[in-house]
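> Got a structure here, written out as structure tokens. Questions coming.
The values are calculated or read from the model by the stated rules, or taken from the named source; none is laboratory data. All figures in this text were calculated on a predicted structure; none of them were measured in a lab. Cβ coordinates were reconstructed from backbone atoms using ideal geometry, including for glycine residues, and neighbour counts include every protein chain displayed. These area figures cover heavy atoms from the full protein model, side chains too; ligands, DNA and RNA do not enter into them. Shrake-Rupley method; radii C 1.70, N 1.55, O 1.52, S 1.80 Å.
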Amino acid sequence: MKSESHTSKRAKIEDLYDNEEVKSDVMMRVKETQSILSPEFPSIIKHMLPSNVTRVFWLHFPKRFCEAYLPKEDTIIVLEDEKGKSYETKYLAHKTGLSGGWRGFSIDHKIVEGDVLIFHLVEPAKFKVYIVRVNDSEEVDGALALLKLEAGVKQMGPIDSSEEVDGALGLLKLEAAIKQMTPVNEAVHVEKLSRVSEEMEDLHFEHLLQDNPEKNNEMNVKLACLNNFGPTSDLYEYESEDLGSETTGGIRLSKSAVDFREVKCFEDFDITVNGLVINSELSKHLQTKYYELCCCQNSFLHEHLLDGLNCKLVVGMLSETINIADAIRASKLITSLENLAIWEKTLKAFEGLGMNVGFLLARLGQLMHLSDKSKRYEEATLERVNAKEEMTALEAKLLEVKDTINRLGVEIEKLVVGSENLEPKFQEVAKAPW
């Protein structure tokens, strides 16, 4: 069993608000907005948790909602705000959530922990997003006012000019329609929210699929939900009233910062990045290898990484650090200096981001020095062999030259005899009669 300091944080909706009154006020405004949305399309509400609006900026949707309404493969999903501005986000089907692009939407709209977002699926890959802010209880957003007006006009029906309806009567009808749009009593909301749980969600959804086996395509399932159970959001408001251990595809929140000295065994070992435990992103084999590396340094190697680094990037760095450490262990004198240089360059890049890999760099430096000496030894040995071969060739050439000198010396000695009488003999031959 893990020690209490390593148990995952239990994130409850109540924890997002100062008191029950604040929560009830927020939910009343959420229901007011949601009641005005077109019932033709499903909607879902999401309470903004720390991981949604800080650090990893990951937005998870309930799995059953995604299976029923969203694409089955990774795709681009458009988020359109109340002003009509669109943002492209990356939807990861296997993790049922939004990743790339969600951070920009969240930051641009200054979304904070405790805000509630209503996602209205107006197209297969497009949400209209309405933001109910936890700190703006007195503010009636312009977009909400327009929604009310639009809904009121729709409830009035068309005004036929042939009926000679004057402007005053039209205004009366509009006023009456708007009065009909009063929100459901706050107590009803609170009571309903307290009943919604993941267990009920499962029962409703299973019943839906059993009753409508022929309606499993996207639009028919939407209509079935509306006909049998009311707005889809009633099914999917929360994955649970107690959100449990908040996860993002296996990543969970860390309860608190942990000093490595508190880690007594592998079972206590959690890899925490930006307040998130990312053990699930690494295989058990890699976790064990990384634990061993941390133990040899008596610290988390990633402890001083720059804040805000993407979790996937960190996972990649940890994996590559482990691979390089293993490669160093398995290296031999014949391992090329080029490979050692690549490992060194990679580790220096990690060190620049805050990874504690100095001990690996030091070991690499020693190996590179020894490898360089070995390479120089091989080069010097080869150069000496070449020099000896060249010397042998030169010695053979020298012998040949010496032989030539001796031969020429003998010949010269023979020619010297009688060389003094050569001139008279030459003249005699030259002047002889024809």
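> How many residues, within segment 112-130, are surrounded by 20 or more Cβ atoms within 10 Å (Cβ to Cβ), out of contact with any Lys or Arg (no Cβ under 8 Å at 6 or more places or on another chain) and either over 24 Å from P71 (Cβ atoms) or without any contact (Cβ under 8 Å) to a residue 24 or more places away in the chain (or both)?
Final tally of qualifying residues: 1.
> Give me a count of the residues in segment 314-357 that are part of a helix (DSSP H, G or I), farther than 19 Å from Y291 by Cβ and without any contact (Cβ under 8 Å) to a residue 24 or more places away in the chain.
Of the residues in that region, 10 qualify.
> Those residues that are within 14 Å of the chain's Cα centre (by Cα) and open to solvent by 60 Å² or more (accessible area, probe 1.4 Å), I need them from segment 281-325; list them, please.
Those that are within 14 Å of the chain's Cα centre (by Cα) and open to solvent by 60 Å² or more (accessible area, probe 1.4 Å): N310, K312, L313.
> Six or more apart or on different chains, Cβ atoms under 6 Å: show the pairs whose first residue is in segment 282-304 and modelled with pLDDT of 90 or more and whose second is open to solvent by 40 Å² or more (accessible area, probe 1.4 Å).
If the second residue must be open to solvent by 40 Å² or more (accessible area, probe 1.4 Å), the pairs left are Y291/F266; L301/N356.
> Do we have K375 as out of contact with any strand residue (DSSP E or B) (no Cβ under 9 Å at 6 or more places or on another chain), closer than 30 Å to I271 by Cβ and not aliphatic (A, V, I, L, M) here? Explain how you work it out, then say what you get.
Values: out of contact with any strand residue (DSSP E or B) (no Cβ under 9 Å at 6 or more places or on another chain): yes; closer than 30 Å to I271 by Cβ: no; not aliphatic (A, V, I, L, M): yes.
Spelling it out, it is not the case that K375 is out of contact with any strand residue (DSSP E or B) (no Cβ under 9 Å at 6 or more places or on another chain), closer than 30 Å to I271 by Cβ and not aliphatic (A, V, I, L, M).
> Every residue in segment 34-50 that is among the polar types (S, T, N, Q) and either surrounded by fewer than 21 Cβ atoms within 10 Å (Cβ to Cβ) or out of contact with any Lys or Arg (no Cβ under 9 Å at 6 or more places or on another chain) (or both), please.
Looking only at segment 34-50, we keep the residues that are among the polar types (S, T, N, Q), and these are 34-35, 38, 43.
Once the filter is applied, which keeps residues that are among the polar types (S, T, N, Q) and either surrounded by fewer than 21 Cβ atoms within 10 Å (Cβ to Cβ) or out of contact with any Lys or Arg (no Cβ under 9 Å at 6 or more places or on another chain) (or both), segment 34-50 yields Q34, S35, S38.
> Another question about this same structure. As an exercise: evaluate E67 against (1) in a helix (DSSP H, G or I); (2) touching a residue at least 40 places away in the same chain (Cβ under 8 Å) and give the number of the one condition it does not meet.
Failing condition for E67: (2).
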